[in-house]
């Protein structure tokens, strides 16, 4: 079996393994082993990829496999990875790994919970390895559906409402997406080619200008909903607030990245002319996301809402950077996806752990946690500093790459939106420090909290893994940046050829 | 000869110590972390002194000009083809001087803290943060490119945040740390935009290329961008905003007095000697650009500096918290340095202001660190920050008294102490450039002597307070650094700065301007004498004077209500008028319309559901009506 398919198969095998488990303990062990294998596989893939590139393999995608799946419509199970997908796969496996450890203590229907979670992750992995947009879409749906079950059953607060809202909005996005994908598919025959779903083949075709003009915004919005683009972001605060810890982690950490990834891999790569024509509108929307999310976060009192709005802001920056359509900014966008993925997973993991102890997420009801649970508090400070873009953590690398890239456009419009986006770093500092100041520092406000215990070993595994991730990117970003920039070359070239 | 790549160890040693103490510090006795941290900074000290000696007296000078030497350099992040962020060490007169200043003050502070912080909770945390700060500050001054500087600039900011908030259970400390971080962060936004603008026009981050007076980058000023100033000028002004934030220049100064909530050694190291002069260093680092292609930017620097120094000196005269007096004094002295660098020209004797600024930075670091550490010793003995709780301490704290006196005389510009020499150069430079700035600076010199002497007399003379415990002199770990710094404060003035640290690397001759020197000394003495009359013995003169300028005093005492202004803007305007509406808009308009869609769908489905009633009459009615409608349509169509 090839290494890429194993990313889908290992989770499925783990699920089968979990079926035979008799106790929660066994389930934990099996799921932890399964996801550790997945993590190791991801880094093995990274090593293999780097080795192959080092050996001079310059193909756009490596480890390609292609099996005909549904001949009548020319749908293939076509897989392959470039540097970007490899990076996203590593991100996913890190977050899933940490998520399994963060949900160690779920007591209610533990087995079913883990199964849904792993099923979700297999959908995400499938999405990232696909180069056939139909299979890509299929895996995307596999990833979205378990979300409804996970939030609806294991969530908190108005969970049915939130689960329904999240699923419906994402399904609405999918509807757009389906339309866009079919639109692309039926027009691939324009120059006498056979109709195809394969990204690499479509990338060689020039889709008719009108078609691009119609289907680019449809596809972009379809993915943009998932990427929490203003004004389609409202599923995110409610959904995250109600979701159980691991689901929030996975959702904000990985699923929202599907949106960003899809936006450039499908919408922009396949329809460059549409991208140019529509970029002004979407850049405006994403710039609004960046600022709006940050200001929205200042006023929130619930930790998860704060983080959800912060995610809107950070993910807005991803789409913003992608739309700048130069290598540097897009490179920054990918690093921002990775960075935000790990960072926000860390945030949600910590929020879950704190909530598990204090049974509240309202910041004003807590205080002085640094004294009670120093380990978790220090991790929270680290996550906060990473989020406000402190050098040494991944957020800084991502933001600076984005800003420098975006500033390479000299037109006034680009300058203004870039300055707007830059100013979010100040607002971010305000809401992060507000939380840190109220929640962690100061005197202990509630005496009942004094008996609470600090992190357990599995919680430490979860948080330390994620912190290592953000520090590794933040301290030595060059190799990652090179990995991404190499793979961006064909995409940026295709985008620049049609510049008009 | 010396291999300058060793310079990379100067920041790296504290970094290792930060990581080591941070991760393992809680495992062993607190004192071990303290000693380890102190040892590492002393090693850095030895290395930087070696580098300084080798650089200034052996290899730095080629054909009479000090060269810029790259000790170590590696690409950290490749952004575009031309733009890449490097990590490395750049040695030139100002950076070498700065590593000497930083390692000296930092090691004194480390040593002092071993005594001062004894028994505090979080002793190892304190030392790991100190190491983090030392690392960041050293990295900042050694930066080879402006982006590296920005990176360390942020790290310095966060170490300052962590150290101000060291007593995290104290709400005032938490507030102060937040304020410091956010205000400087706001300024850093200017810095960042400046870098973006600058790098876009010059296509490089590299200091050597940027500041080469004959290079291409410096002349790529760009066309007029906005309000009659070129792109380059705007970029440099933006960058200066970043510097002004860190250096607590008006109007971004509000964080500095509050930052005194941190432990006193931290105030000495970060908020007096090193971090707050980063803004001056930044202007000095980009000085050729300022002087050659953006003189308008330099004017801004000079006026901001002059105004800040006057403004802060007035406030300092009215405060009672000794650390706040020192904080305003710091702000005032940094204003002096900004003023000096702002009035300077490039090259030769034109560069007098530049040299004077660096000179004053050096001497100020020594005597201000001494003042703060002395204040720490006083607070340690009296357990209060306020001068009305003190008085007559000269008998109880002899060593602190003598060293503090030396520092007060130095900052007041008493002849033959270091402050006299550096202040005189600044005044001479200001006199040559702009008379208004000169008179303002001269007046500030008098004020400085006054408020420092006021502080001194109130603490060590004046009425004898009845202390609960008789104040005791501090342990040797605290008094030794005081003595060493006192020696530095005296002798630092005899370092021939005009031979070593100049704007273009070439030495030039300066002469003492005796007229200016005697006037400034006169102003200083007048200030001291007035303070002596008012405060050496308990009198009611101060109250009378306060009563005569009541309104003005009230404004100055309340720091001209700048804190209130900022609070108004952030709390009332930003929070209530921006953030709150955004949150409301999001919940009610955006989300409301999403919910609206679902409600409409729901409503329609309820209506359609009505057809499925199970009532035969209704089905029959609908069937008949439908049939009639169909027939009518057919007939209508057939008639055409």
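Could you give every pair whose Cβ atoms fall below 6 Å, whose first residue belongs to region B:568-580 and is at the interface with another protein chain (Cβ under 9 Å from one of its Cβ atoms), and whose second residue is assigned to a helix (DSSP H, G or I), counting only separations of at least 6 or pairs across chains?
If the second residue must be assigned to a helix (DSSP H, G or I), the pairs left are B:578/A:295; B:579/A:295; B:579/A:298.
Name the residue that is farthest from the other protein chains (Cβ to nearest Cβ), counting only residues in region A:358-377 that are in a helix (DSSP H, G or I) and surrounded by 19 or more Cβ atoms within 10 Å (Cβ to Cβ).
Taking the candidates together, the pick is A:358.
Output the residue which, of all residues in region A:450-463 that are touching a helix residue (DSSP H, G or I) at 6+ places or on another chain (Cβ under 6 Å) and more than 14 Å from chain B (Cβ to nearest Cβ), is surrounded by the most Cβ atoms within 10 Å (Cβ to Cβ).
Going through the qualifying residues, I end up with A:462.
Working only within region A:425-441, note down all residues that are within 8 Å of chain B (Cβ to nearest Cβ) and within 16 Å of residue A:317 (Cβ to Cβ).
Passing the criteria: A:425, A:426, A:429.
Only one of A:228, A:275 is touching a helix residue (DSSP H, G or I) at 6+ places or on another chain (Cβ under 8 Å), at pLDDT below 90, part of a helix (DSSP H, G or I) and buried (at least 24 other Cβ atoms within 10 Å of the Cβ). Can you tell me which?
Exactly one of A:228, A:275 is touching a helix residue (DSSP H, G or I) at 6+ places or on another chain (Cβ under 8 Å), at pLDDT below 90, part of a helix (DSSP H, G or I) and buried (at least 24 other Cβ atoms within 10 Å of the Cβ), namely A:275.
Take residue A:288 and tell me if it is more than 10 Å from chain B (Cβ to nearest Cβ) and either surrounded by fewer than 24 Cβ atoms within 10 Å (Cβ to Cβ) or assigned to a loop (DSSP other than H, G, I, E, B) (or both).
Criteria met by residue A:288.
In the set A:349, A:333, A:308, A:294, which member is assigned to a helix (DSSP H, G or I), away from chain B (no Cβ under 14 Å) and touching a helix residue (DSSP H, G or I) at 6+ places or on another chain (Cβ under 7 Å)?
Result of the check over A:349, A:333, A:308, A:294: A:349.
Mind listing whichever residues of region A:118-128 are surrounded by 23 or more Cβ atoms within 10 Å (Cβ to Cβ) and over 15 Å from the mean Cα position of the chain (by Cα)?
A:118
State all residues of region B:106-124 that are over 18 Å from residue B:481 (Cβ atoms) and touching a helix residue (DSSP H, G or I) at 6+ places or on another chain (Cβ under 7 Å); if no residue qualifies, say none.
Passing the criteria: only B:124.
Across region B:86-98, what is the total count of residues that are over 14 Å from residue B:359 (Cα atoms) and crowded, with 24+ Cβ neighbours inside 10 Å?
So the count comes out to 3.
Got at least one residue in region B:584-599 being more than 14 Å from chain A (Cβ to nearest Cβ) and either surrounded by 12 or more Cβ atoms within 10 Å (Cβ to Cβ) or out of contact with any helix residue (DSSP H, G or I) (no Cβ under 7 Å at 6 or more places or on another chain) (or both)?
no
Does at least one position in region B:233-242 carry a residue that is under 13 Å from the mean Cα position of the chain (by Cα), away from chain A (no Cβ under 14 Å) and either in a helix (DSSP H, G or I) or modelled with pLDDT under 90 (or both)?
Yes: one or more hits.
State all residues of region A:88-140 that are part of a loop (DSSP other than H, G, I, E, B) and in contact with a strand residue (DSSP E or B) (Cβ under 6 Å, 6 or more places away or on another chain); if no residue qualifies, say none.
Within region A:88-140, A:131 is the sole residue that qualifies.
Considering each of B:119, B:157, B:115, B:139 in turn, give the residue that is in a loop (DSSP other than H, G, I, E, B) and out of contact with any strand residue (DSSP E or B) (no Cβ under 6 Å at 6 or more places or on another chain).
B:119
Being within 14 Å of another protein chain (Cβ to nearest Cβ) and either in contact (Cβ under 8 Å) with a residue 60 or more places away in the chain or on the phi > 0 side of the Ramachandran plot (or both) is the requirement here; does residue B:63 meet it?
no
If a residue must be in contact (Cβ under 8 Å) with a residue 40 or more places away in the chain and part of a helix (DSSP H, G or I), how many such residues does region A:51-87 contain?
Qualifying residue count, region A:51-87: 7.
Failed condition for residue B:563, given (1) outside any helix (DSSP H, G or I); (2) over 22 Å from residue B:445 (Cβ atoms), with all others met?
Tallying (1) outside any helix (DSSP H, G or I); (2) over 22 Å from residue B:445 (Cβ atoms), residue B:563 fails exactly one: (1).
Within region A:408-424, track down each residue that is surrounded by fewer than 23 Cβ atoms within 10 Å (Cβ to Cβ) and at the interface with chain B (Cβ under 10 Å from one of its Cβ atoms).
A:408, A:409, A:410, A:415, A:419, A:422, A:423
Looking at region B:184-206, which of its residues are buried (at least 22 other Cβ atoms within 10 Å of the Cβ), in a helix (DSSP H, G or I) and more than 9 Å from chain A (Cβ to nearest Cβ)?
If the condition is that a residue be buried (at least 22 other Cβ atoms within 10 Å of the Cβ), in a helix (DSSP H, G or I) and more than 9 Å from chain A (Cβ to nearest Cβ), then B:184, B:187, B:191, B:194, B:198, B:202 are the ones that fit.
The values are calculated or read from the model by the stated rules, or taken from the named source; none is laboratory data. Since we're looking at a predicted model, the values are computed, not measured. All Cβ positions, even for glycine, are placed from backbone atoms using ideal geometry, and neighbour counts span all protein chains on display.
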